[in-house]
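Here the structure comes first, spelled out in structure tokens, and everything after it is commentary.
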Amino acid sequence: MGWFGFGFNRKRGSKQLRQQQVASPEKDDPQLRSTALLELSRRLAFGQSQIVDEVSEAMLHEEDYFVRWFCQ
């Protein structure tokens, strides 16, 4: 145990474990990321369906979305 009962080696080990969890192949699945992003946008939109539609449009038609909003 370190100062104040805190084990620094334990903390270092948990950081390595978190890095291994993030690096797992299922976290890099594009379909999983798209689904998660749509669900997050749905929850953050508080019933505003046009926000979810815009996020979906940006994911499905990236170039068109970019041209529409950033190349004016």
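The values are calculated or read from the model by the stated rules, or taken from the named source; none is laboratory data. Source: prediction; values computed, not measured. No Cβ is skipped: glycine too gets one built from the backbone with ideal geometry, and neighbour counts run over all protein chains shown.
Give all pairs with beta carbons closer than 6 Å in which a residue from segment 27-54 that is of a type in the set (Ser, Thr, Tyr) meets a residue that is part of a helix (DSSP H, G or I); count only pairs at least 6 apart in sequence or on separate chains.
Matching pairs, first to second residue: Ser34/Met59; Ser41/Val52; Ser41/Val55.
Could you tell me which of the residues Glu39, Glu54, Glu26 is among the acidic types (Asp, Glu), modelled with pLDDT of 65 or more, under 15 Å from the mean Cα position of the chain (by Cα) and not in a loop (DSSP other than H, G, I, E, B)? Step through it out loud before you land on a result.
On the way: Glu54 fails: under 15 Å from the mean Cα position of the chain (by Cα); Glu26 fails: modelled with pLDDT of 65 or more.
That would be Glu39, the only listed residue that is among the acidic types (Asp, Glu), modelled with pLDDT of 65 or more, under 15 Å from the mean Cα position of the chain (by Cα) and not in a loop (DSSP other than H, G, I, E, B).
Considering segment 57-72 alone, what residues qualify as being in contact with a helix residue (DSSP H, G or I) (Cβ under 8 Å, 6 or more places away or on another chain) and not in a helix (DSSP H, G or I)?
Within segment 57-72, none qualify.
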